[in-house]
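One structure is given below, encoded as structure tokens.
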Amino acid sequence: MKRGLLVAALLLAACSDPAPRGSVVVYVADDLAKYANDRFAKSGFVVTLVTGSNAELADKVIKKQDSPRADVLLTSSTYDIWRAGDQGALRPLEQATLERVATENRDPDKSWVALGWVSATIGVVKDAEVPLIMAYQELGSPQLAGQLCLTSSALPLNRALIAMLIADLGVKPAERAVRSWTRNLALPPFPSESALLEAVAAGTCKVAIISDAAAGTGLDQIYPEPTYRNIRGIGVSRHAQNADAAHAFVDWLLSDLTPQKPEHSNGRNIGIAGWRNEDARLLAERAGYR
């Protein structure tokens, strides 16, 4: 079997209408595969899943190298859904679909929306004797020297965080903040959040930037003002073979959502995190944040 092709008939067994709503090929980021299998099984569509990394799948859709041809692209990276839209690889979504999502969580050019998001919170070990931290910049405080843990700057959440710091603060102030983080590191950045949380449990560090999905891990979570996030982005491929079914499928996925502004948001459109991605990568490189 070709790598990444998970197939196949994810039909809702109890569907009142025995006829499927349509067939769609959905390109899904690896880390969303379990979510996709669980969620899509309730859709009433015949779904073929193709999995891979965010960058790999977006590249295939953008370059028309996707086989089977993608109808829908679902990423766990703000940047990759943004660039697919920016490079004209996605169709405009229907207005009724767009209106299911808050304005700041959808493409101003109508090519993608956020199916959900993960926020970058500050985790503090319970009862740790550290200064009160209310902003990402404060993680560079000299009082936190040797006590900070971070995951890799290449991870989508951290890349979006840095991109939004640039948008809100400007390049130089954002770079000063990131450089101050690297001075306080207990160990080099971890490749994954699970590895970081193991280090926290071992007592290696008292403070970390973590996703809000890491709730219940022995850390008190602080939501800075503003709190930055990375979205789960979805759009319909420009070259979809089953475009009508793809639009109906995306609309179904959003049907139980109500437009919601993320708590503690800066109010900016999330697409800025995609637009500023390369600036964020270069800043992290200059600051020594791997």
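Tabulated values for the structure
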| item | result |
| --- | --- |
| Residue match in segment 38-50 (condition: in a helix (DSSP H, G or I), of a type in the set (Phe, Trp, Tyr) and either in contact (Cβ under 8 Å) with a residue 24 or more places away in the chain or surrounded by fewer than 23 Cβ atoms within 10 Å (Cβ to Cβ) (or both)) | yes |
| Hits in segment 212-227 (condition: in contact (Cβ under 8 Å) with a residue 40 or more places away in the chain and either among the hydrophobic types (A, V, I, L, M, F, W, C) or open to solvent by 10 Å² or more (accessible area, probe 1.4 Å) (or both)) | Asp212, Ala213, Ala214, Thr217, Gly218, Leu219, Asp220, Gln221, Ile222, Tyr223, Glu225, Pro226 |
| Subset of segment 126-141 [part of a helix (DSSP H, G or I) and either open to solvent by less than 30 Å² (accessible area, probe 1.4 Å) or touching a residue at least 40 places away in the same chain (Cβ under 8 Å) (or both)] | Tyr136, Gln137, Leu139, Gly140 |
| Some residue of segment 65-77 being under 14 Å from Val28 (Cα atoms), surrounded by fewer than 18 Cβ atoms within 10 Å (Cβ to Cβ) and touching a strand residue (DSSP E or B) at 6+ places or on another chain (Cβ under 7 Å) | yes |
| Counted residues, segment 165-184 - those being under 15 Å from Pro226 (Cα atoms) and in contact (Cβ under 8 Å) with a residue 60 or more places away in the chain | 5 |
| Cβ-Cβ under 6 Å pairs, at least 6 apart or on other chains, segment 23-35 side assigned to a strand (DSSP E or B), far side of a type in the set (Gly, Ala, Ser) | Val24/Ala245; Val24/Ala246; Val25/Ala70; Tyr27/Ala70; Val28/Ala36; Ala29/Ser76 |
| Among residues of segment 170-184, those that are assigned to a helix (DSSP H, G or I) and among the polar types (S, T, N, Q), counted | 2 |
| Restricting segment 142-165 to residues that are open to solvent by less than 20 Å² (accessible area, probe 1.4 Å) and more than 18 Å from the chain's Cα centre (by Cα), the residue that is farthest from Thr75 (Cα to Cα) | Leu144 |
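Yes/no matrix, rows are residues, columns are (1) within 16 Å of Ala89 (Cβ to Cβ); (2) part of a loop (DSSP other than H, G, I, E, B); (3) open to solvent by less than 40 Å² (accessible area, probe 1.4 Å):
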residue	(1), (2), (3)
Arg232	no, no, no
Ala240	yes, yes, yes
Ala248	no, no, no
Asp256	no, yes, no
Gln260	no, yes, no
Ala273	no, no, yes
Asp279	no, no, no
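Quick grid of which residues meet (1) closer than 20 Å to Met164 by Cα; (2) touching a Phe, Trp or Tyr at 6+ places or on another chain (Cβ under 7 Å); (3) polar (S, T, N, Q):
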{"residue": "Gly235", "(1), (2), (3)": "no, yes, no"}
{"residue": "Ala245", "(1), (2), (3)": "no, yes, no"}
{"residue": "Phe249", "(1), (2), (3)": "no, yes, no"}
{"residue": "Leu254", "(1), (2), (3)": "no, no, no"}
{"residue": "Thr258", "(1), (2), (3)": "no, no, yes"}
{"residue": "Gly274", "(1), (2), (3)": "yes, yes, no"}
{"residue": "Asn277", "(1), (2), (3)": "yes, yes, yes"}
{"residue": "Arg281", "(1), (2), (3)": "yes, no, no"}
{"residue": "Ala287", "(1), (2), (3)": "yes, no, no"}
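The values are calculated or read from the model by the stated rules, or taken from the named source; none is laboratory data. Everything numeric here is computed off the predicted structure, so don't read it as measured data. Here the Cβ is made from the backbone with ideal geometry for all residues, glycine too, and neighbour counts use every protein chain on show. The accessibility values were calculated without ligands, DNA or RNA, using every heavy atom of the protein model including side chains. Shrake-Rupley method; radii C 1.70, N 1.55, O 1.52, S 1.80 Å.
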